[in-house]
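Presented below is the structure to which this report refers.
What follows is calculated from the coordinates using simple rules that are stated; it is not laboratory data. Here the structure is a predicted model, which means the values were calculated and not measured. Heads up, the Cβs are rebuilt from the backbone with ideal geometry, glycines too, and the neighbour counts pull from every protein chain shown.
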Amino acid sequence: MIKTILWIFSAIIVIDITINFAIERPKNNIKPSKLSQYFDYGLSTEHKLFRKVSSSDETADALAKAGWYKSHNKKSSKKTNIFIYGMSFSNHIGEIISKTDMNFDVNMYAGPGAPLNHSYAYYQNHRPHKKGDVVILGILASSLPMINTLTHITSNFEDPAAHFYPKYQLNTNNQLIKKQLPINTLSELRVAMHDTQQWHHIKETLKKEDCFYNKILFSKNLTDKSVYFRLLKRAWGQRHKLKIIQRYHNEHGFKNTDKLIEISQSIVKNFAKEVREDGATPIIILFNNRGFSSHLFSILQHTLNSNKIAYYSTHTDFPAENLDNFIPDGHFKHEIDIHIAKKTLELIYSM
């Protein structure tokens, strides 16, 4: 009996080592095979991050370079400037607008699946906008639970982007206050990752301040060397993300956990107020994507209407419950993007 058990364990170890050798990932961020990528999803976040960030910006993974704040495009133009802050959903709309009406100079600033706090901070970094500019803030329903994060690294275990951004909280006077780590560029992150004391401080801050942080999933350890453990960690990572999202959202709508609803409403209100102070025009696009019904609109409707903020919410024409509105990767179909762009242009023309 003992011999049989030992043989089974030996076979398991041999298979584990053999698979690891067979699917070994190419170095220097060369695109891996689909099989190699599949088994890599369960690697610790830290392991994936060190590989993505690499030794230089030139050799870094594309996702490591995404989402960091870029400078404001201040070039002079006789055209009306449109600035769009958001994620891929809002970028799709910006691209269509730029091709539809050549009187607009469209500038798009986005991050992968960017939550509202990332987009709002991006906008704030570019203040002030000029009189006559149109400033659009895109808000994605599925990203709203990430409003309590400091980085994309923690909320997307399988394929994290490396950028950092602030999170917002409300003080005793219901004013927004900002919390963030001093990491503003990929180069700064690379330096921090190779400084033991600084990297420890970053992880401790994420543990305290970032709701998606999980030490076991995040930290590099011996389980990264086992195919079996990587598969288990991938499943655990999916369960962990779902569990955290359920703290902020369920089938009935968004919850006010950690003041998520109040903070979202305050950000939208402040965004419109600040844009108007600069003489520009604010517009909000609400992307109610699958699994989130009209829940995003429900928590922001009063704020939008009471502050007379121009907006378009996708649930009015394309209910999130209708899965035919989406392509397999979760984005809206192109013809729907065209419709959203048309509705956004109608708002701009009416001003």
(request) Could you list, in sequence order, all residues of the stretch 90-131 that are touching a Gly at 6+ places or on another chain (Cβ under 9 Å) and in a strand (DSSP E or B)? (result) V106, N107, M108, Y109, A110
(message) Can you tell me which condition R239 does not meet? The list is (1) without any contact (Cβ under 8 Å) to a residue 60 or more places away in the chain; (2) in contact with a Leu (Cβ under 7 Å, 6 or more places away or on another chain), and all the others hold.
(response) (2)
(request) Have a look at A161, A141 and point out the one that is more than 28 Å from N81 (Cα to Cα) and touching a His at 6+ places or on another chain (Cβ under 8 Å). (result) A161
(message) Yes or no: the stretch 52-66 includes at least one residue that is buried (at least 20 other Cβ atoms within 10 Å of the Cβ) and in contact with a Phe, Trp or Tyr (Cβ under 8 Å, 6 or more places away or on another chain).
(response) no
(request) Hey, can you tell me all the residues within the stretch 245-255 that are in a helix (DSSP H, G or I) and either under 18 Å from E321 (Cβ atoms) or β-branched (V, I, T) (or both)? (result) I245
